[in-house]
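Undergrad: Got a structure here, written out as structure tokens. Questions coming.
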Amino acid sequence: MKTNSKKLEEIRKENPFRVPENYFEHFNQEIMNRLPEKDFFVPRTVSLWDKAKPWVYMAAMFLGLYFTIQFLTTRTGTQQTPSAAIQEPLIAPEANQYWSNASVSEDEFYQYLEDQLVEDNYYDYIYEEMSTATNM
């Protein structure tokens with residue numbers, strides 16, 4: 001590959017760019033003069049209430065949620081139907097002591113429940129209810 005040395009020699013060795021005289025001495029002042037005037041605004045002061053307001057609202061929301069849950073859980077947990085209160089037998093304190101010391105196996109307990117259901121004819125009652133519900 002052949003280079004053309006004459007072309008390189010033709011290029012001048014001096015800098016072709018020129019800066020006007022005293023350009024950099026007044027450079028800063030010229031830039032500042034060209035900028036538009038900026039209005040100065042005094043920052044707004046934020047009051048203590050404006051800073052605390054979100055925290056107060058959040059605390060009030062959580063308190064409201066807490067009391068709502070407490071109201072709903074205690075309201076539904078203690079609610080009894082009047083018929084259930086009437087049918088509940090009164091137990092003497094001596095009986096409570098007896099049953100607290102009695103030990104019954106799980107199988108005996110389930111057998112007792114089944115016997116009670118048979119004696120009270122609950123199976124017949126449930127069967128009748130189920131047959132009328134399916135006929136509707």
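The values are calculated or read from the model by the stated rules, or taken from the named source; none is laboratory data. The model shown is predicted, which means the values in this text are computed figures rather than measured ones. We work out accessible area using only protein heavy atoms, side chains counted, and drop any ligands, DNA or RNA first. Shrake-Rupley method; radii C 1.70, N 1.55, O 1.52, S 1.80 Å.
Undergrad: State whether one or more residues within segment 45-62 are among the charged types (D, E, K, R), open to solvent by 90 Å² or more (accessible area, probe 1.4 Å) and modelled with pLDDT of 90 or more.
TA: To start, the set of residues in segment 45-62 that are among the charged types (D, E, K, R) comprises 50-51, 53.
Filter once more, so that each one left must be open to solvent by 90 Å² or more (accessible area, probe 1.4 Å): 51.
Filter once more, so that each one left must be modelled with pLDDT of 90 or more: 51.
Yes, some residue in segment 45-62 is among the charged types (D, E, K, R), open to solvent by 90 Å² or more (accessible area, probe 1.4 Å) and modelled with pLDDT of 90 or more.
Undergrad: Turning to a different aspect of this structure: Assuming VAL42 fulfils every condition listed in (1) in a helix (DSSP H, G or I); (2) at pLDDT 85 or above apart from one, which condition is it?
TA: Tallying (1) in a helix (DSSP H, G or I); (2) at pLDDT 85 or above, VAL42 fails exactly one: (1).
Undergrad: Turning to a different aspect of this structure: Can we say VAL19 is at pLDDT 90 or above and aliphatic (A, V, I, L, M)?
TA: Numbers: at pLDDT 90 or above: no; aliphatic (A, V, I, L, M): yes.
For VAL19, the condition - at pLDDT 90 or above and aliphatic (A, V, I, L, M) - is not met.
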